[in-house]
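A quick write-up on the structure given underneath.
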Amino acid sequence: MDMLTTIHPLEVKRKINELIREINRLAPVAGNGIAIARYSSGTIFSVTDAGDGYGTASGSDQYDGPFTVELLQEEEKQLVRCRDGQDENAPYAGYIRVGSLLKAVEVRSWEAKNGIVYAEVLYEESESEEGSGSYSIDLYFEESLPEDSDPKRWILRIAEVSADENGLWNISQIWENGDIEVTGRWLR
Amino acid sequence: MTEHDSWETYSFPKLEFQPIHLPYAGLCEALWERRNVYEQTADLPDTGEATEPENPYRPDLFSICGKGRDTAVSFDHALREVAGHYVNHLAADFETLTEIPLWTLESLCDALEESFLDPSKEEMLPEWPVEWALQRFRMIRLLRFTRIDYQCSCLIGSEHSGEPMSPEAAIEAAMSGIAPGDPVRNARIARTTTTIWGPDHGWKEGSYCADVYQSGNLSAIVPEGLREAEIRLYLSLDSPDGDPDSFDSYGTGLIRGLNVLTADSSGNFSNDWPLPAMPDRTRVPVRGTTETFGFHAVRTFCCADFSSTFHFTNKDGE
């Protein structure tokens, strides 16, 4: 008890931070040709091609094309941001093509939580005239995907965000193919 | 397809942003319905079980994914084949028509006053274009009149007695005492007479011979379940030897070229073709010749409007 009372609270905080840094130092990080997938049952290390396709930086397999999802520290908040990985300052995260319609989707950021970043295209039929409906196209970050069966809603998972037992955020980028084109739908 | 299926079941005409499968399946069901009307299933072995023939156009849902253009080309090929079994009922300028106007993809588009969206010639963007599907939807709805059977009686006679008589008398003699036979399904439609100068057959001067073939008492065979349907007979006629001068209508009022006759819902044509009949004008063969005159059907297309039986039709039956 005496020991505890003699340690200054700031010292406790410093020690905890040291522990966290040590843990982070020991934590494996994906590198060139190595992919890491973390599951509740364990962590899998995979050897991958260090491809040089669109959306990946040379020498790294980490996706950095349109619709890249990343963590961002802003003041006291951890944010999840979806942006064009090729251009830090681009106002658009990427483009979504729906038939002849090409929509530039603005960069979006949200407070970090366990959830899924997804693109949604929703078509609303006009009541008055056939073929004069409108599209709403945007990015969303929710705990789970919408579960309704609206056939005129199209959803694409872009990334999953989850926190491990230490509260560290992990992002699994799912969409790694550049700009997005809606397929499998009747379009104009 | 169920009896309650319709265009609306498959999301037509509001297709935009629909997943591909349901509307495409609707096009396939509609095309199959059009084909089923004329498809011959009588040759199929009777297993004693009531089985519905399988729709050959029904898509494999997985195989068409990502293959919009190929699928459209394949569908158009099938549609062209089915359309060729339906007559362009809107083509009414019979004086200028020379052939029976069976539908083609191009004539369907002409009737719709639209440009033909040909997936084999253009890069279709997007992969599954709404415009293509809606054009096929409108095309299929125009397929209404397809083939049914008809029947007619035939009279065949000849005069080769060698007795001195005029050509007209030879024709009458050829037909005397002959009753028309029982109605024959889809029998040859023709009325022809061949008159022969007697000495050509070894007979005396002043004699004539005659061979006569006449079809008549024409009626359409109306399929069961087809009530109050419009029935038409398209007849493309020519003279027996192709010479306009030897064309003879035998009092039927038919012309050399395309004729369109209409029948009542029981299948009886307004144009009455009693048997026997005499030619409008008898051609007299000169010495050493024969004269063949009359008409025969180069092409025959008896058809009925099946739109009242279709599930995939307009709400107003058009």
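The values are calculated or read from the model by the stated rules, or taken from the named source; none is laboratory data. What you are looking at is a predicted structure, and each value in this text was computed from that prediction instead of being measured. Backbone-built Cβ (ideal geometry, glycine too); neighbour counts: all protein chains shown.
Pull up region B:98-135, narrow it to residues that are charged (D, E, K, R) and part of a loop (DSSP other than H, G, I, E, B), then point me to the one that is farthest from the other protein chains (Cβ to nearest Cβ).
Of the residues in region B:98-135, the ones charged (D, E, K, R) are B:99, B:106, B:110, B:113-114, B:118, B:121-123, B:127, B:131.
After this cut, where a residue has to be part of a loop (DSSP other than H, G, I, E, B) as well, the list is B:99, B:113-114, B:118, B:121-123, B:127.
On the way: B:Glu99: 36, B:Glu113: 18, B:Glu114: 15, B:Asp118: 18, B:Lys121: 19, B:Glu122: 14, B:Glu123: 13, B:Glu127: 6 Å.
The qualifying residue farthest from the other protein chains (Cβ to nearest Cβ) is B:Glu99.
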_Of residues in region A:154-184 being within 14 Å of chain B (Cβ to nearest Cβ) and touching a Leu at 6+ places or on another chain (Cβ under 9 Å), the one nearest to A:Phe141 (Cα to Cα)_ = A:Ile155
*asked:* Can you report the number of residues in region A:64-112 which are under 16 Å from the mean Cα position of the chain (by Cα), of a type in the set (A, V, I, L, M, F, W, C), under 17 Å from A:Gly178 (Cα atoms) and assigned to a loop (DSSP other than H, G, I, E, B)?
replied: 2
*The one condition in (1) crowded, with 19+ Cβ neighbours inside 10 Å; (2) at pLDDT below 95; (3) touching a helix residue (DSSP H, G or I) at 6+ places or on another chain (Cβ under 8 Å) that B:Ile140 fails to fulfil*: (2)
*With (1) surrounded by 16 or more Cβ atoms within 10 Å (Cβ to Cβ); (2) without any contact (Cβ under 8 Å) to a residue 60 or more places away in the chain as the list, and B:Ile100 as the residue in question, which single condition is left unmet?*
(2)
*If you take the residues in region B:67-92 that are part of a helix (DSSP H, G or I) and free of Cβ contacts under 8 Å to residues at least 24 places away in the same chain, which one is nearest to B:Arg232 (Cα to Cα)?*
B:Glu81
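Does B:Ser115 satisfy being of a type outside the set (Asp, Glu) and loosely packed, with under 14 Cβ neighbours inside 10 Å? Steps first, please.
Details: of a type outside the set (Asp, Glu): yes; loosely packed, with under 14 Cβ neighbours inside 10 Å: yes.
When the stated conditions are applied, B:Ser115 passes them.
Give the residue, chosen from A:Ile116, A:Ile137, that is within 12 Å of the chain's Cα centre (by Cα), farther than 27 Å from B:Thr9 by Cβ and buried (at least 18 other Cβ atoms within 10 Å of the Cβ). Lay out the reasoning, then the answer.
Numbers: A:Ile137 fails: within 12 Å of the chain's Cα centre (by Cα).
Step by step, each of A:Ile116, A:Ile137 is checked, and only A:Ile116 is within 12 Å of the chain's Cα centre (by Cα), farther than 27 Å from B:Thr9 by Cβ and buried (at least 18 other Cβ atoms within 10 Å of the Cβ).
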*Just give me the residues in region B:267-295 being hydroxyl-bearing (Ser, Thr, Tyr) and at pLDDT 90 or above, in sequence order.*
B:Thr292
*Of the conditions (1) in contact with a Gly (Cβ under 8 Å, 6 or more places away or on another chain); (2) assigned to a strand (DSSP E or B), A:Ser136 clears all except one; give me its number.*
(1)
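Please state which one of B:Ile221, B:Ile178, B:Ile196, B:Ile171 is among the β-branched types (Val, Ile, Thr) and within 28 Å of the chain's Cα centre (by Cα). Lay out the reasoning, then the answer.
Details: B:Ile178 fails: within 28 Å of the chain's Cα centre (by Cα); B:Ile196 fails: within 28 Å of the chain's Cα centre (by Cα); B:Ile171 fails: within 28 Å of the chain's Cα centre (by Cα).
Matching residue, one of B:Ile221, B:Ile178, B:Ile196, B:Ile171: B:Ile221.
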